[in-house]
Structures are given as C-alpha cells and as structure tokens.
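Chemist: Here it is, the structure in full.
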Amino acid sequence: MSMMHCSLLSLGCVFGFSPATDQPSLTALRALKIAQRRLRPEVRAKLLSVASARTDASLVPEAWRFVFLDQATSGHSRVVTVAAKTSSEHPDTIEAFSSSKTDDLDVLHAISQNKLVIDSDKVLELARETTKLKGVLAAEYRLVQPRSGREPIWHLYFYGDAEEPIASFQLGAKTGAIEQVDHEDRQVLCGT
C-alpha cells in the first residue's frame, strides 16, 4: 500500500469515511432510525409509508423515502428521504414539510412499528427464494399498513425493460408470509 493511500485512508477514518466494502447496505429499518432522528417524538410514531425508488440491477436501494403524519405542517405530513453515500457512514437526509401529490393521506394508516421485524434485505432474500426470475433489471420497495389492522405489508416489484413490473410480491413485515401477485391483481400464495 502506498504512503499516500495510507494517509488518505487514515484521514478518511477521522472524518467518518470507510471503504465501501466494509459498510452494510442501507436497509429500510436502518434508514428509518436515521430519519426519525430528525423528527419530534410525536411525529416519529406516525409513519405512514416507506418506499424506495427503482434501483439498479443489484436490487439494493440506495435511498429510502419516509412519510410521517404531521398535523403541524401545511400538507399534514413530513417527508424524509435518507440516501446512502458509498464513501460515508453517515447517510444524507433531506426533509420536506408538506406531502407530495402522490401521497393520499386519507388512505394511508400509521404503520405499527413494533411489528417491523422483516427488513428490506430479508424481503429481497425471501422473494428470491420463492421464484427464479430472469431479466430483472430493477426493483422497487414499498411498506404500508393495511386498514384491517393486520401486520404491515411490504410490496416488492421487479422490473425488466418495460415500465410495468414483471413480477410483484407482498410480504408480511412481521411474519415474512409471502404472496406473489400476478398481473390480474389476483394473489397466489407462494409459501410462508
């Protein structure tokens, strides 16, 4: 190792940087803890949705978007996005003080955070164990609370070249129960 490389590595450690290979991926639950640090306690408990943008072929999200109910804001919600930097242990956070037009607060329900056992990396692992898909180029993750009071549900969408998903799954965030959803919106049980 060259002297310059060692010096840069040491300097990077001082400022919180570490080699990308040493860092765990930014899972949804890890990012949630980071997002909650920016919020008042009464808002932290009112998580309405979790989502990632479509990711690349690695299928591992680099950013997570959290929507919290916050009656004190003009849009009645607070949106916090947590994005990982490959060279930093401290992900960036971006906060918006009103809801975006894509969030329908009337149909979203507060997610039972004590029931969040299955993290996004496990969601991907369970879906891959269920079926072997070819041509997957990206994935999108969403977590919501069903109205029925059941456990929170992960929605995982796999994309190929087209805009429409080639496969989608629903997974229980507490039990890991998995269902594959076909294109006619019928649910087919794939396993538990």
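Quick note: the coordinates plus some simple rules give every number you see, no bench work behind them. Bear in mind that the values here come from a model prediction, so they are computed numbers and not experimental data.
Chemist: Mind checking the full-extension length gain between Q113 and A72? Use 0.36 nm per residue of separation minus the Cα-Cα distance, one decimal, nm.
Modeler: Contour length minus the Cα-Cα distance gives 12.6 nm.
Chemist: From Cα pairs below 8 angstrom and at least 6 apart in sequence, can you work out the relative contact order of the stretch 106-159, rounded to a whole percent? Let's see the in-between values first.
Modeler: Numbers: 52 pairs, mean separation 22.2, N = 54.
Here the relative contact order equals 41 percent.
Chemist: Now for a separate question. From the phi angles alone, apply the Karplus equation (6.51, -1.76, 1.60; θ = phi - 60°) to the stretch 33-48 and give each ³J(HN,Hα) in whole Hz, x where the residue is Gly or Pro.
Modeler: Calculated HN-Hα couplings, in order: 4, 5, 5, 5, 4, 8, 10, 5, x, 5, 8, 3, 7, 10, 6, 9 Hz.
Chemist: Please give the contour-minus-distance gain from L133 to A53: 0.36 nm per residue of separation, less the Cα-Cα distance, rounded to one decimal in nm.
Modeler: Working: separation 80, 0.36 × 80 = 28.80 nm, distance 2.00 nm.
Stretched fully, the L133-A53 segment lengthens by 26.8 nm.
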